[in-house]
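The values are calculated or read from the model by the stated rules, or taken from the named source; none is laboratory data. All values derive from a computational prediction rather than experimental measurement. No Cβ is skipped: glycine too gets one built from the backbone with ideal geometry, and neighbour counts run over all protein chains shown. In case anyone asks, the SASA skips ligands and DNA or RNA and just uses the protein heavy atoms, side chains included. Shrake-Rupley method; radii C 1.70, N 1.55, O 1.52, S 1.80 Å.
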Amino acid sequence: VLECFLKYSSESLSTKDLGVLMSSDGKFSKHIFEIVRKSHSLCIQIHKAFYSKDKQLLLKAFTTYVRPILEYCSVVWSPFYLKDIILIEKVQRRFTKRLFESSNMTYSERLKLLELESLEERRIKTDLLHCFKTLRKFTQRGSDFFQLSKNRFNDKQDLYINYSRTDMRKFWFANRTAKIWNKLSPSLKCTKSLAVFKEILKETDLAQFCRGPGFDGSKCP
């Protein structure tokens, strides 16, 4: 009875806003679990719906129908728990592995062959693009999220990072993005054009900022 009560209480303390499920403690693990569950189900349906085994056709179906579910509003709920990062990545890992069932390629090798990025890397890129748009006043929303470093010798467009006691605050959008932003090249941070920023960002190794295991093929197949 107590277990049922606790389960009901935890569910009643969750709320959904614009498609994003958030618990009363401000965490998004339940939202992540739901989108991963839905994505795995869609992946199964894709393999059942297409008789063709053409990799590019199946990959197009994945990027069209599955990946958007895993990336919708990621700026808001992007995970900081390693278990959640791995859980999300497992969707793309399993799908790409099924495309090469008879192969012993690692996940990173499959991504390179398919010209894909890891889902964590794509979330980082989304954060940086939103940060750039905010700093350049391309959007009015979240204009108070970022401020330049208070160091008077700051000529590299470095951002100020707020002090954080908790992981939730440490990894919330502004703080997690500012830490990565400050490590980017000065030429990238100082550009004024969104198009130029996107082009330079494509050539930037964002995988170095990923926390999930297996992107180098050393741990996870």
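Per-structure values
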{"quantity": "Verdict on Phe171 being at pLDDT below 85 and touching a Phe, Trp or Tyr at 6+ places or on another chain (Cβ under 6 Å)", "calculated": "yes"}
{"quantity": "Matching residues, the stretch 141-166, being under 18 Å from Arg123 (Cβ atoms) and at pLDDT below 75", "calculated": "Gly142"}
{"quantity": "Residue, surrounded by the fewest Cβ atoms within 10 Å (Cβ to Cβ), within the stretch 17-70, restricted to residues that are in contact with a strand residue (DSSP E or B) (Cβ under 8 Å, 6 or more places away or on another chain) and of a type in the set (Gly, Ala, Ser)", "calculated": "Ser24"}
{"quantity": "Single condition Leu128 does not satisfy, out of (1) under 22 Å from Trp77 (Cβ atoms); (2) in contact with a helix residue (DSSP H, G or I) (Cβ under 6 Å, 6 or more places away or on another chain); (3) modelled with pLDDT of 90 or more; (4) open to solvent by less than 30 Å² (accessible area, probe 1.4 Å)", "calculated": "(2)"}
{"quantity": "Residue that is of a type outside the set (S, T, N, Q) and at positive phi, where the choices are Glu89, Glu115", "calculated": "Glu115"}
{"quantity": "Exclusive hit being in a helix (DSSP H, G or I) and either open to solvent by 70 Å² or more (accessible area, probe 1.4 Å) or on the phi > 0 side of the Ramachandran plot (or both), set Lys189, Lys183, Lys179", "calculated": "Lys179"}
{"quantity": "3 or more residues farther than 13 Å from Leu119 by Cβ and without any contact (Cβ under 8 Å) to a residue 12 or more places away in the chain: qualifying helices (runs of 4 or more DSSP H) within the stretch 12-81", "calculated": "29-49, 55-61"}
{"quantity": "Of the criteria (1) modelled with pLDDT of 95 or more; (2) more than 20 Å from Lys38 (Cβ to Cβ), which one Val91 fails", "calculated": "(2)"}
